[in-house]
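A short write-up of the structure that comes next.
The values are calculated or read from the model by the stated rules, or taken from the named source; none is laboratory data. Keep in mind the model is a prediction, meaning the values are calculated, not measured. Positions of Cβ are generated from backbone atoms using ideal geometry, with glycine treated the same way; all protein chains shown enter the neighbour counts.
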Amino acid sequence: MRTWLRIGGGAVLFVHGVIHIAGFLLLWRITEVGELTYGRMVPDPGTAGGRLVGVVWLGAAALFCCAAVLLAVGRPAWAPTVLAATALSLPILLADLSQTGAGVVVDVVVLTGTLLAFLLVRRDGETA
């Protein structure tokens with residue numbers, strides 16, 4: 001895969017991962033971030049359910065950031081890491097579309113890009 005694609009894709013994944021940290025901060029009632037507010041979040045921030053979902057947001061953030069680094073340095077493990085990240089991310093994003101619609105779009109674009117990259121790399125016999 002071309003270097004500029006790896007680095008650009010890695011940057012997108014990293015930024016998306018960092019944005020997931022906002023969900024953790026909000027659900028743990030640490031701070032409101034941008035347009036994400038306590039009153040509109042599901043589940044209620046600061047509750048046991050909110051903290052549990054917050055940990056899932058943090059896990060997705062960590063996986064997206066790890067996938068970003070793996071992709072940027074050309075390690076094939078980036079693709080399954082992206083799949084794991086989106087497996088965590090999509091359900092929590094879909095649970096509160098009023099605030100997370102853009103994140104759903106990014107997750108779908110990331111999944112589509114991952115699938116296309118996998119197919120192209122396989123076709124061309126390259127490594128990721």
Query - Test for Gly46: is it out of contact with any Cys (no Cβ under 7 Å at 6 or more places or on another chain), of a type in the set (Gly, Ala, Ser) and more than 27 Å from Phe118 (Cα to Cα) - result: yes
Report summary line: Exactly one of Gly23, Gly113, Gly9 is part of a helix (DSSP H, G or I), surrounded by fewer than 21 Cβ atoms within 10 Å (Cβ to Cβ) and not hydrophobic (A, V, I, L, M, F, W, C), and that residue is Gly113
Requested in this report: Enumerate the pairs (first residue in segment 36-47 and within 15 Å of Ala95 (Cα to Cα); second residue anywhere and among the acidic types (Asp, Glu) and crowded, with 17+ Cβ neighbours inside 10 Å) with beta-carbon separation below 7 Å, excluding pairs fewer than 6 apart on the same chain, so at least 6 apart or on different chains.
Outcome: Met41/Asp96; Val42/Asp96
Report task. Those residues that are touching a Ser or Thr at 6+ places or on another chain (Cβ under 9 Å) and either not in a helix (DSSP H, G or I) or not small (Gly, Ala, Ser) (or both), I need them from segment 76-103; list them, please. Result -> Pro76, Trp78, Val82, Leu83, Thr86, Ile92, Leu93, Leu94, Gln99
Report summary line: Checked against (1) at pLDDT below 95; (2) among the aliphatic types (A, V, I, L, M); (3) within 18 Å of the chain's Cα centre (by Cα); (4) closer than 29 Å to Leu119 by Cα, Leu26 satisfies every condition except (4)
Requested in this report: Identify all residues within segment 29-57 that are over 19 Å from Ala84 (Cα atoms), modelled with pLDDT of 90 or more, surrounded by fewer than 16 Cβ atoms within 10 Å (Cβ to Cβ) and of a type outside the set (D, E, K, R); write none if there are none.
Outcome: Ile30, Thr31, Thr47, Ala48, Gly49
Query - Every residue from segment 26-47 that is farther than 20 Å from Gly59 by Cα and not in a helix (DSSP H, G or I) - result: Gly34, Glu35, Thr37
